[in-house]
Amino acid sequence: MPVTTTAKRALRSSKNKEFVNKLILKKLEVAVRIAKRSKGTEKILAAVSMADRAAKKKVIHKNKAARIKSQLAKLLPKISKKATKKN
C-alpha cells in the first residue's frame, strides 16, 4: 500500500483510469463482434469509430486500430465504380 499522499493519489487515479480503459476496450470488443456478426454498414461504421476513439485515447495501439478497421472494411459491401463516378 502507498505511504505518501502523492502515492495514494496516484493509486486512486490509476484505478480510475484502469476502470475507464477496461470499459472502452469492452465496448470496442462488443462493437466489433456485433459488426462481424450482422455485417450491416451502420454496425461496421460504429465499430470503426470505436476503434478510432480507443486508439486516440491510447487504450489500444494505433496499428491495432488500423488492423481492426481493415478487417471490418472487408465486410463492407462493394460499391461499383459506376456509382462512385458521377460526372
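Computed from the coordinates by the stated procedures, all read-outs in this text should not be read as laboratory data. Keep in mind it's a predicted model, so treat the numbers as computed, not measured. When we count neighbours, we look across all protein chains shown, and the Cβ atoms used for this are built from the backbone with ideal geometry, even at glycine.
Pairing the Cα long axis of helix 5-38 with the longest principal axis of the chain, what angle in degrees results, from 0 to 90 and rounded to the nearest 10? Long axis of 5-38 versus the principal axis of the chain: about 20 degrees.
Pairs to check: Lys8/Lys62; Lys43/Lys78; Lys17/Lys62. Give those whose C-alpha atoms are more than 22 Å from each other in this structure. Pairs exceeding 22 Å: Lys8/Lys62. For the chain, the Cβ-based charge dipole about the Cα centre amounts to some 300 debye (Lys, Arg positive; Asp, Glu negative; other atoms uncharged). The helix-only estimate of mean residue ellipticity at 222 nm for the chain, built from DSSP H runs of length n ≥ 4 each weighted as -39500 (n - 2.57), is -25500 deg cm²/dmol after division by the residue total. Computed over the Cα atoms of the chain, the ratio of the radius of gyration to the Kirkwood radius (Rg/Rh) comes to 1.24.
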